[in-house]
Amino acid sequence: MARIIVVTSGKGGVGKTTTSAAIAMGLAKKGHKTAVIDFDVGLRNLDLVLGCERRVVYDFVNVINNEANLNQALIKDKRCNQLYILPASQTRDKDALTKEGVGKVLEELSKTFKYIVCDSPAGIERGANLAMYFADDAFVVTNPEVSSVRDSDRMLGILSSKSKRAELGEDPIKEYLLLSRYDPKRVKLGAMLSVEDVQDILSLHLLGVIPESQSVLSASNAGEPIILDETSDAGQAYADIVDRYLGEDKPHRFIDEEKKGLFGRLFRS
Amino acid sequence: MSTDSQPISASSPAFEFKSGVITIPVLNLFSTDINVITHQLREKIKQAPEFFTNSSLLLDLSPLQDQELNLALLVDAIRNSGMRPIGVRGGTTSQHQDAKDLMLPIMTSQNSISSKQAAPVKVEIPTQESSEPVASTTIASTVINQPIRSGQRIYVKGDLIIIAQVSAGAEVMAEGNIHIYGSLRGRALAGVQGDESAQIFCSDLQAELVSVAGNYRISEDLDDSNRKTPVQIYLNDQALIIKNI
């Protein structure tokens, strides 16, 4: 059986799609057969971030409507043969998703895949609800600012009450916190919530902190998941997150400001 | 022409059907001995005659587990005691026949909650109907040990004990007392049915709003000496007192 991971947040623009692409690629590179599904029907993005937008023929909604089978719609990643992408439809809206349809697709994927990453749309409406409904694990992506934290808290409430696991009275969804766009410098100045502040409000297991990084934007624009950029701190942060999720015990990084060396201090502009 | 003598024309509606939800007492029967029931019922009525006299009453026969019962005699006895049975739920088909003969409607017996079992904790999103009519003299308290998240709403009949935080934007309500062993950042309303003796206890007050029996205070009006401290909140002559503990 596959493990279904939902990447969710409530708020938009916090880095769900970037995270979905990075996590899925990270798991696949570890040798686990992974599928990543774009639930943002009508606002398709995941294919861009993963650089496969030119190869989309059929999409998630086609599969739900039995207009195509799963193998026709799944796009195999060119960089990693364990990663498959199921793109969203750009010409439909979220109402095209049905609980039965999504359940059927996930069940079929579960037969052959080890991990299924569901990239949730923003909001708490149909698309987001269906993305999290069948999940086993939830990666809650939060930015260190109050509105994002509040929205994540709301999403956590929905995860614990409206999921399939909650409805059937099974073990609850395992919830993990991913704090993205973190800038220790601004935290120090008091302009941004600290890891402790966010942890205090959400009381959630921290899976990792992703530092604010210029390389994320350029990686997204180039269609390269940031995790493939091993020199960038954000890429390393995602690699750590994948390792931690798979059970490795790694110390948290990128929480404190990097100490500048002698040269750094001398040549500081 | 005065309105009350105005004839109703054929086209204007003389009535309309609406669905309504009311809470009525339910009598869960544990015995078929009518003398015993009558005696104990009268004792109860004596304790709060204003509440019970002429009150409507639903008879729940399901705890009897199909034992024989003379329904006609029981209904008579209850009427003589001053209460008004208005329906029956649970019981056997022959008891249902008796109820029909007595012109008493038969209600579906789903979700009948016995007073001895605590209702399962329901974490709900606000759009849902949260209350199930239950009448019993002792109501178990509800214990919740998971965080109450923004947007969630909890309503319980008795006391509410939360061994976790209540997030900003969440709402917890109890007809009795509320205990929160964690940060209270949302809203807490105790004694929502008017119980002025209800209290709120919380180990870290950062609430948006606290209320006891309708007397409330919002975050802005909280005293700084109470903020982020363990407090007890209660009513004293209609005044909401927040005391550090």
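Structure notes:
- B:Ser183 falls short on exactly one of the conditions (1) part of a strand (DSSP E or B); (2) away from chain A (no Cβ under 12 Å), and that condition is (2).
- Selection from the stretch A:159-175 of residues that are more than 9 Å from chain B (Cβ to nearest Cβ) and touching a strand residue (DSSP E or B) at 6+ places or on another chain (Cβ under 6 Å): A:Ile173, A:Lys174, A:Glu175
- Odd one out for A:Leu178 among (1) modelled with pLDDT of 95 or more; (2) within 14 Å of chain B (Cβ to nearest Cβ): (2)
- Identity of the residue in the stretch B:8-33, farther than 30 Å from B:Leu64 by Cβ and open to solvent by 100 Å² or more (accessible area, probe 1.4 Å), that ends up modelled with the lowest pLDDT: B:Ile8
- Yes/no for A:Glu257 being within 30 Å of A:Lys104 (Cα to Cα), open to solvent by 60 Å² or more (accessible area, probe 1.4 Å), more than 14 Å from chain B (Cβ to nearest Cβ) and charged (D, E, K, R): no
- Among the residues making up the stretch B:215-245, those that are in a strand (DSSP E or B) and closer than 18 Å to B:Glu171 by Cβ are B:Asn215, B:Tyr216, B:Arg217, B:Ile218, B:Ile233, B:Leu240.
- Any hit, the stretch B:43-57, residues being surrounded by 19 or more Cβ atoms within 10 Å (Cβ to Cβ) and not in a loop (DSSP other than H, G, I, E, B): yes
- When we screen A:Ala191, A:Ala131, A:Ala166, A:Ala138 for residues that are modelled with pLDDT under 95 and farther than 25 Å from B:Glu208 by Cα, the only hit is A:Ala166.
- Some residue of the stretch A:178-186 being under 20 Å from the mean Cα position of the chain (by Cα) and of a type in the set (Ser, Thr, Tyr): yes
- Filtering the stretch A:188-203 to residues that are within 14 Å of another protein chain (Cβ to nearest Cβ) and surrounded by fewer than 19 Cβ atoms within 10 Å (Cβ to Cβ) leaves A:Glu196, A:Asp197, A:Gln199, A:Asp200, A:Ser203.
- Filtered residue count, the stretch A:140-158, keeping only those that are touching a helix residue (DSSP H, G or I) at 6+ places or on another chain (Cβ under 6 Å), over 14 Å from A:Ile201 (Cα atoms) and within 11 Å of chain B (Cβ to nearest Cβ): 0
The values are calculated or read from the model by the stated rules, or taken from the named source; none is laboratory data. Please read all numbers here as calculations on a predicted model, not as lab measurements. All Cβ positions, glycine included, derive from the backbone under ideal geometry; neighbour counts span all protein chains shown. Note: areas computed on protein heavy atoms with side chains; ligands, DNA, RNA excluded. Shrake-Rupley method; radii C 1.70, N 1.55, O 1.52, S 1.80 Å.
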